[in-house]
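Participant: Mind having a look at this structure? Questions to follow.
The values are calculated or read from the model by the stated rules, or taken from the named source; none is laboratory data. Please read these numbers as outputs of a predicted model, since none were measured by experiment. Every residue, glycine among them, receives a Cβ derived from its backbone with ideal geometry; neighbour counts consider all protein chains shown. SASA here: full protein model, heavy atoms, side chains in, ligands and nucleic acids out. Shrake-Rupley method; radii C 1.70, N 1.55, O 1.52, S 1.80 Å.
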2 protein chains.
Amino acid sequence: MENIQEMDRLFNPASLAMVGASREAHKSGTLFLKSLLSCGFKGKLYPVNPTETEVLGLKCYPSVLDIPDEIDLAILAVPARIIPKVMAECSQKRVKFAVVHSAGFSELGPEGKALENEMLAVARQGGVRVIGPNCMGLYSPGAAINTITFRNTSMNEVGPVAFAGQSGWVTENVIEMGYERGLRFSKVVSIGNQSDLTIEDMMEYFACDPQTRVMAFYVEGIKRGREFLEKARQASKKKPVIVWKAGRSEIGARAAASHTGSLAGSGTVIDAALVQGGVIPARNLDEVIDLAAGFACPVLPQGKRVGLLVEAGGGAVAGSDAAETYGLELPVLSPESQRMLVETLKGIIPPFAGPKNPVDLVWAPAESSTRLFMECSRIMLREVDAVVMVSYSIFDEHFAQEAVRLRDETKKPILVVPGHATERREGMALLTRYGIPALTLPERAMKVLAAMVGYSEHRKQD
Amino acid sequence: MENIQEMDRLFNPASLAMVGASREAHKSGTLFLKSLLSCGFKGKLYPVNPTETEVLGLKCYPSVLDIPDEIDLAILAVPARIIPKVMAECSQKRVKFAVVHSAGFSELGPEGKALENEMLAVARQGGVRVIGPNCMGLYSPGAAINTITFRNTSMNEVGPVAFAGQSGWVTENVIEMGYERGLRFSKVVSIGNQSDLTIEDMMEYFACDPQTRVMAFYVEGIKRGREFLEKARQASKKKPVIVWKAGRSEIGARAAASHTGSLAGSGTVIDAALVQGGVIPARNLDEVIDLAAGFACPVLPQGKRVGLLVEAGGGAVAGSDAAETYGLELPVLSPESQRMLVETLKGIIPPFAGPKNPVDLVWAPAESSTRLFMECSRIMLREVDAVVMVSYSIFDEHFAQEAVRLRDETKKPILVVPGHATERREGMALLTRYGIPALTLPERAMKVLAAMVGYSEHRKQD
């Protein structure tokens, strides 16, 4: 792979050529250009189309060769058959990166594969590095680029999560569902057929990228298994690496072949190899997002003892069941800690809430619930490695800040399950953004925490 | 259990006494009364409190005995120690049903159990049937009663889903999360300690209730295992019965004991027994809601062959993997059906989308996407038992109506995974309300469909 500085240009281009933008509003090139304008892309923007003179108020050039500027990134959204010609112009222009959105390449079989090879050979002549073909491009909020969720360009906050995926649909959903849940992204790329730059290249880059704290991948097929595993293992030594390996079933593999032309392998075998390398496997979109929210927390648990602090008996039962399922321990608190909890809760909650673990606040009075949750957590964290809270309504800025303070003082993660649906969505996003992972269910919190414990143990072995 | 007509009164009381309402805004009794007023409860409403003369604009009575009317339902939200006295008054008044919200009974151990028995003995003297204690009461949208999600009283549409749960937190979340997802409820009850009326009673009632098409339960402990299984088996012969058995783990069972005073059993053993009786097991809130959305569909699949129709390659891969995981079949379509699909899609989608199954529309043009989805589904349904669609943006009223038409003509279920997060929430609710189950992920759609197939097979065995 290029060195890191080179790759930074892909995600932060000073100049961008949008090949295939036109007056036709529904064409991908036009939608992408519109998205770049509405994101507020700060670099120079050049529409390219031989049949237009102006698109969306910008001067349009017949070819990239006519642009009176260097081009860091060209996005190509034109029919597959003319891609080699356009790529030749990019090559001659010494464009640094080309994102080929167009489909109709190796995913079609041998004929498409030939076209893809032709395109690639032409790109190499001029040193153009290629993303795609058959992909949705980039989401780089720091540079105000978003061709992936181009219908929704309001997601402009930067954060610690990097993602690369072989499916535009999955990648779009990770961003949109994730953003709503409070995930904030450093860099995201829809990688398509991986004719040149691959998932493995992105692993290497994300591992070095200072903006990125956790990286996740959606992989349909792994072309060179050993290389993939080695890169994932290396990246895992630096940062958590989450991998959703799809195309696991026979039919899934068939679908993957015609989708991105990838060869799929047995999911179970691959998962086992990944886990051995410290990689965190995911099985679906929900898990990718939950795990990314967990690992976006800047501290890792140092053991598997968890304190469960709830404001709802049902949450205590569901959380306890899940802790056992995922191999976590809910130790009965020491008499000393139990005494401290009774003292803290005196006169506030009924005496029948036994502070053993789970600790049940029953229903903390709104005016003191943040204080109670924090004081009880502080006591529990004397002897557990993480706290999971199941609460009805504690998701304001003040709660988030207090939780951050406690987390940073104790260096132990705090996860929250906001138990009250109506106000939940906003609260979950708020907490997750602060690095206090918020999950919809106690089960999902325990699953994420168990993955964090596993990764933490793996890192200690190095 | 009472006969069905009697039980109908619980959920549709003509008169309701709210014992414990006061001028103190944060007290449960006041919150419940406020909720009943804001729901627009149409029966007669009588606040009861010896220290008030008027509450929220309503005349307040010193005791139920002072109310110049018969009382169908009394809700008791006063401290546990005075519950026997209040219950004695209810008994003398011949109140038909009492919901005891107050906690502090058998969940505390022997002393609390004695108080619970005392209360119950007093209730029996006057033939008062009791819900609770230690519960959140009722959500009966047809009668405009909602003491469960009392902070959110806007959920007034009636539908086919009944629910009873031993946890207020779970019950509240099923309603709120479910309603947002398009579930509409017939009757919901937070059953608490089950001192008198039990989950089993509700099974029996829901099975006969004409408003209810599918019933779901959250159970922490099963007191009389054989009776529970028998009731569940009987109810399953009439309608789908979904059971989330919590308190499965050792610590979960401990938490359940101090929560609702229930004895918990081994989850795995219980699940196996339930499945044998045709009951559909769920493991968490997400599954309860997903399954209820699936079974709210008025038709069941007659076999396990599924057609997967997508507008996103990633959805095809994830859906195929999941179909295999849950034991469904994705048969390759016959040459005849493939020919019909090619004909239907000619000139609309690129020729490289092979119509084998999964069928990939790549990206159907918005103006014809509903028509394409329906025509392709119709062809696929010639040889499959259900269709799962993974789409970007087809969730308007027109789409829902067309899907309903196709479902009713073919008598085969259609499930939809709306793949575009931003507009998804509203669309999912719309479809689910129409009996077109909408799920967030292909995996979740396949899991639900597999449960529907299983239940359908079970029903055929009868």
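Participant: With an 8 Å cut-off on Cα pairs and a minimum separation of 6 or more residues, tell me the relative contact order of region A:1-97 in percent.
Facilitator: In percent, rounded to a whole number, it is 30.
Participant: Something else about it: For B:Glu329, which inter-copy label distances result when the label point lies 7 Å beyond Cα on the Cα-to-Cβ vector, reported in nm to one decimal and in ascending order?
Facilitator: Between copies, matching label points for B:Glu329 lie 5.0 nm apart.
Participant: Give me the percent of the accessible area of region B:300-420 that comes from carbon and sulfur atoms, probe 1.4 Å, all protein chains in place.
Facilitator: 53 percent
Participant: Where the centroid of each part is defined by its Cα atoms, how far is region B:208-232 from region B:68-96 in Å?
Facilitator: Between the Cα centre of region B:208-232 and that of region B:68-96, the gap is 27 Å.
Participant: Please report, in debye to the nearest 20, how large the charge dipole of chain A is about its Cα centre when each Lys and Arg carries +1 at its beta carbon and each Asp and Glu carries -1 there.
Facilitator: 520 debye
Participant: Summarise the partner chain shielding of A:304-317 as one whole number: the mean count of Cβ atoms from other chains within 10 Å of each residue's Cβ.
Facilitator: What the average comes to for A:304-317 is 6.
Participant: To the nearest hundred square angstrom, how large is the accessible surface buried between B and A, total for both chains, probe 1.4 angstrom?
Facilitator: Protein heavy atoms only, the B-A interface buries about 4800 Å².
Participant: Take every Cα pair under 8 Å in region B:159-211 that's 6+ residues apart, average their separations, divide by the length, and report that relative contact order as a whole percent.
Facilitator: 45 percent
Participant: Say each of A:Lys223 and B:Lys27 gets a label point 7 Å from the Cα, pointing the same way as Cα to Cβ; how far apart are those two points in nm?
Facilitator: 7.3 nm
Participant: Counting only other chains, and only Cβ atoms inside 10 Å, what mean value do you get across the residues of B:443-455?
Facilitator: The per-residue average across the peptide is 1.
Participant: Given charges of +1 on the Cβ of Lys and Arg and -1 on the Cβ of Asp and Glu, with all other atoms neutral, how large is the dipole of the protein assembly as shown about its Cα centre, in debye to the nearest 20?
Facilitator: For the protein assembly as shown, the charge dipole is close to 440 debye.
Participant: Using 7 Å Cα-to-Cβ label points, what is the B:His398/A:Lys237 separation (nm, one decimal)?
Facilitator: Using points 7 Å along Cα→Cβ, the separation is 5.8 nm.
Participant: While we're looking at this one, here's another question. Given H placed on each backbone N at 1.01 Å, which residues far from B:Val306 in sequence or on other chains put an amide H within less than 5 Å of it?
Facilitator: Amide H to amide H, under 5 Å and 5 or more residues apart or across chains, B:Val306 pairs with B:Glu329, B:Leu330, B:Asp385.
Participant: I would also like to ask the following. Determine, for each peptide in A:186-197, A:71-82, the mean count of other beta carbons within 10 angstrom over its residues, then list the peptides with the highest first.
Facilitator: Listed from highest to lowest mean packing, they are A:186-197, A:71-82.
Participant: Can you give me the distance in nm between label points at A:Arg94 and A:Lys411, each placed 7 Å from the Cα along the Cα-to-Cβ direction?
Facilitator: 4.9 nm
Participant: Could you grab the relative contact order for chain B? Cα pairs under 8 Å, six or more apart, rounded to a whole percent.
Facilitator: Relative contact order of chain B: 11 percent.
Participant: Whose Cβ in chain A comes nearest the axis that rotates A onto B, and by how many Å?
Facilitator: So the chain A residue sitting closest to the axis is A:Asp286, 4.
Participant: Of A:Pro62, A:Ala429, A:Pro335, whose Cα points farthest to the positive end of the dipole of chain A (charges on the beta-carbon: +1 Lys, Arg; -1 Asp, Glu; origin at the Cα centre)?
Facilitator: A:Pro62
Participant: Evaluate peptide B:166-172: per residue, the Cβ atoms of other protein chains within 10 Å of its Cβ; return the mean as an integer.
Facilitator: Taking all residues of B:166-172 together, the mean is 6.
Participant: A follow-up question, please. Find every distance from the label point of B:Gly127 to the corresponding label point in the other copies (7 Å from Cα along Cα→Cβ) and write them in nm, one decimal, shortest first.
Facilitator: For B:Gly127, the other copies' label points sit at 9.5 nm, shortest first.
Participant: Hey, can you rank B:306-312, A:199-205 by average C-beta count inside 10 Å, highest first?
Facilitator: Ranking the peptides B:306-312, A:199-205 by packing returns B:306-312, A:199-205.
Participant: Which of A:Ala445, A:Ala366, A:Ala400 sits closest to the plus end of the dipole of region A:362-462, meaning its Cα is farthest towards the positive end, when Lys and Arg get +1 and Asp and Glu get -1 on the C-beta?
Facilitator: Final value for the positive-end residue is A:Ala445.
Participant: Taking the label point as lying 7 angstrom from Cα along the Cα-to-Cβ axis, what are the distances from B:Pro210 to the corresponding position in the remaining copies, in ascending order and in nanometres?
Facilitator: 7.2
Participant: Is the shape of region B:299-402 best called rounded, prolate or oblate, per the rule: a/c under 1.5 gives rounded, else a/b larger than b/c gives prolate, else oblate, with a ≥ b ≥ c the square roots of the Cα gyration tensor eigenvalues?
Facilitator: rounded
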